[in-house]
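I have placed the structure first, in the form of structure tokens, so that the comments after it can refer back to it.
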């Protein structure tokens, strides 16, 4: 069965730059909401400190809250509008520009508030405006420093995740090659023509499996990989191996990490089929339910006392680690035994491979 190629997703230059920019996108509602919550907590703290005879000076809290909310909203809107323009500057330039913008914004609202509350000339009013500007500058620099450290941490986390995925992928390839070559070696003497066909199948199989530049591939490609592997094992096991497919037809483009189902099928053969003189049946099932896709691999329960459970556990751990690294908590891998059937179930979030691949969330304030 031919293995379909995956069309690479092009990345626009603006998107690539945006990933390296340490200031979060303040056009997002969640980011603005978090800024408002944090600023409101600061207003509450200042109101508690300002109160003399009660816990909170509610008049002070109301006026300061109104002032801070308007300042935060307008500053966030201005930063949102010039965010793409700011990406051209260095970190120092971005910091200076945003700080100046926030200070000017606070200055405008401070002068307006002073004229409304204290019309006419007021020396104390200018002193209050100066304090507002100094406080706004200090808070802005602290927040920008936090954004920068968060961005650095996210960059390091992504690099570590990519290194981990590469290491896990490298651990799977030798195991798969070893078992496949053993299968072919067993056919060379008795059935050389079929061994030659198996070598060709293996070369096509590895041509697909070694394409590790994409962290996600279509499920249809992964299933084609499984079919090639099952053809090789079918030559060795013959009538002892029976395969049943129960896949819904709309799952071909579901995103899945490479070599996710194939190791499960391999384990099903080596732990559930091969030790049994009479062989058995492997059932591969997949369906969508709501926002999730469920994939199951079933095989006869391994005989008690076998010494191959370590390899099975390692394969499951590798797959689970890759799923967690790519999809996070929504991805689940579990295994169970019921009667004489051993089942491994995968739950993946519904996502086509042509859509944006999962990445760690952008830092928010």
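The values are calculated or read from the model by the stated rules, or taken from the named source; none is laboratory data. In this text, all values refer to a predicted model and were calculated from it rather than measured experimentally. FYI the Cβ positions are ideal-geometry reconstructions off the backbone, even for glycines, and counts take in every protein chain you see.
At a glance:
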quantity: Count of residues meeting criterion [at pLDDT below 90 and surrounded by 16 or more Cβ atoms within 10 Å (Cβ to Cβ)] in segment 274-300; calculated: 2
quantity: Residue check for residue 246: touching a strand residue (DSSP E or B) at 6+ places or on another chain (Cβ under 7 Å), surrounded by fewer than 16 Cβ atoms within 10 Å (Cβ to Cβ) and farther than 21 Å from residue 183 by Cβ; calculated: yes
quantity: Residue 91 vs. criteria touching a residue at least 24 places away in the same chain (Cβ under 8 Å), within 17 Å of residue 141 (Cα to Cα) and surrounded by fewer than 15 Cβ atoms within 10 Å (Cβ to Cβ); calculated: yes
quantity: Hits in segment 163-178 - residues which are out of contact with any helix residue (DSSP H, G or I) (no Cβ under 9 Å at 6 or more places or on another chain) and either modelled with pLDDT under 65 or surrounded by 11 or more Cβ atoms within 10 Å (Cβ to Cβ) (or both); calculated: 166, 167, 170
quantity: Residue in segment 188-205 that is at pLDDT 70 or above and either within 27 Å of residue 349 (Cα to Cα) or not assigned by TED's automatic domain parsing to the domain that holds residue 331 (or both) present; calculated: yes
